[in-house]
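J.: There's a structure below that I have some questions on.
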Amino acid sequence: MSEQKPKDPLHGVTLEQIVSSLVEYYGWPVLGSRIDIRCFNLDPSVKSSLKFLRKTPWARKKVEKLYLVMKKEEGR
């Protein structure tokens with residue numbers, strides 16, 4: 001039997017991994033300008049961002065979307 005890859009590109013990736021990767025790739029200032037939310041612009045930290053994103057589905061979707069864009073850029 002052959003194993004199929006999951007269709008969800010975020011499968012197995014934690015929110016903490018996503019935020020940490022985005023910060024490493026873009027840095028807080030660029031991340032805050034791309035997604036204008038306070039936890040990225042005002043005294044940013046991974047911990048405060050995770051707390052906010054876990055409670056705020058619309059913001060989490062934006063972060064996940066930017067993560068997928070970043071992964072595409074890295075693949076070029």
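J.: Tally time: how many residues in segment 49-76 are of a type in the set (A, V, I, L, M, F, W, C) and more than 13 Å from Leu22 (Cβ to Cβ)?
T.: Adding up the residues that qualify gives 2.
J.: Please give the number of the condition Glu74 fails out of (1) in contact (Cβ under 8 Å) with a residue 24 or more places away in the chain; (2) part of a loop (DSSP other than H, G, I, E, B).
T.: (2)
J.: Taking the criterion of being among the small types (Gly, Ala, Ser) and modelled with pLDDT under 95, would at least one residue in segment 10-18 satisfy it?
T.: yes
The values are calculated or read from the model by the stated rules, or taken from the named source; none is laboratory data. Nothing here was measured: the structure is a model prediction, and the numbers come from that model. Heads up, the Cβs are rebuilt from the backbone with ideal geometry, glycines too, and the neighbour counts pull from every protein chain shown.
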